1. With N denoting the number of residues in region 33-73, provide Rg(C-alpha) divided by 2.2 N^0.38 Å, to two decimal places.
2. Can you return the aspartates and glutamates within cross-link range of Lys85? Criterion is Cα-Cα under 14 Å, with same-chain partners fewer than 8 residues away left out.
3. How long, wide and thick is region 92-150, going by the Cα atoms along their three principal axes, in whole angstroms, largest first?
4. Considering only Cα-Cα distances, which of the following residue pairs are longer than 21 Å: Lys44/Lys153; Lys116/Lys168; Lys115/Lys153?
5. With a 1.4 Å probe and all protein chains left in place, how much of the accessible area of region 1-96 comes from carbon and sulfur atoms, in whole percent?
6. For region 1-95, what is the convex hull volume of the alpha-carbon atoms per residue, in Å³?
7. Could you tell me how far the Cα centroid of region 128-174 sits from the Cα centroid of region 6-80, in Å?
8. So what is the 222 nm mean residue ellipticity for the chain from helices alone, if each DSSP H run of at least 4 adds -39500 (n - 2.57) and you divide by all residues, rounding to the nearest 500 deg cm²/dmol?
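The values are calculated or read from the model by the stated rules, or taken from the named source; none is laboratory data. Values in this document were obtained by computation on a predicted structure and should not be read as measured data. Reconstructed Cβ throughout: ideal geometry from the backbone, glycine too, with neighbour counts over all protein chains shown. Accessible surface is based on the protein model in full, side chains and every heavy atom, while ligands, DNA and RNA are left aside. Shrake-Rupley method; radii C 1.70, N 1.55, O 1.52, S 1.80 Å.
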Amino acid sequence: MLCFSVTTVGGTTNIPEVAVSRFFSGGGFSNYFNRPSYQDSVVKDYLAALPNGTHTYEGLFNPNGRAYPDVSAQSDRFRIFLGGKPVLIGGTSASSPTFAGFVALLNDVRLAHCKKPLGFLNPLLYSKGASGLNDITVGHNSGCGTTGFNATKGWDPVTGLGTPNFGKLMELVL
């Protein structure tokens, strides 16, 4: 189950960044949790921009559910060592710890300025924090016999609000 009080992370690839497409990418709307109020504006904007509104994928998703991902990060061709040999991996197993690393660095900057750690990020991300993210507008998350949702301007169920820009986020959290 997807809990509304976590920050969910999608995946991107390449520079300039696009939604990952070499493998299936999750993203969409929860059938278990209602959409939290901090998501209302951006998700309603996304749904209103769908061709034919929510009728586009009628019956395939819950338009009132908690939307995910919240953000994204690079997620493809990460080099790890497995059994002592280098291998490449991809997916949210790469993007989630990458995004967590950005958050750790932001908390380090805050602590160095005698400020408290960030805590639960989503209310910040869906307000002024969105200006510290790189909006990803290319790609989609195909699956279930559809082309899936498209990455588009603003929040989308492929790359969320976008990928972290450390310099901009650092200014925003100080």
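1. 1.17
2. Excluding near neighbours in sequence, the set is empty.
3. 51, 25, 18
4. Result: Lys115/Lys153 exceed 21 Å.
5. Carbon-and-sulfur percentage of accessible area, whole number: 55.
6. Convex hull volume per residue, Cα atoms: 126 Å³.
7. When both Cα centres are located, 8 Å separates them.
8. Theoretical 222 nm ellipticity from helices: -7500 deg cm²/dmol.
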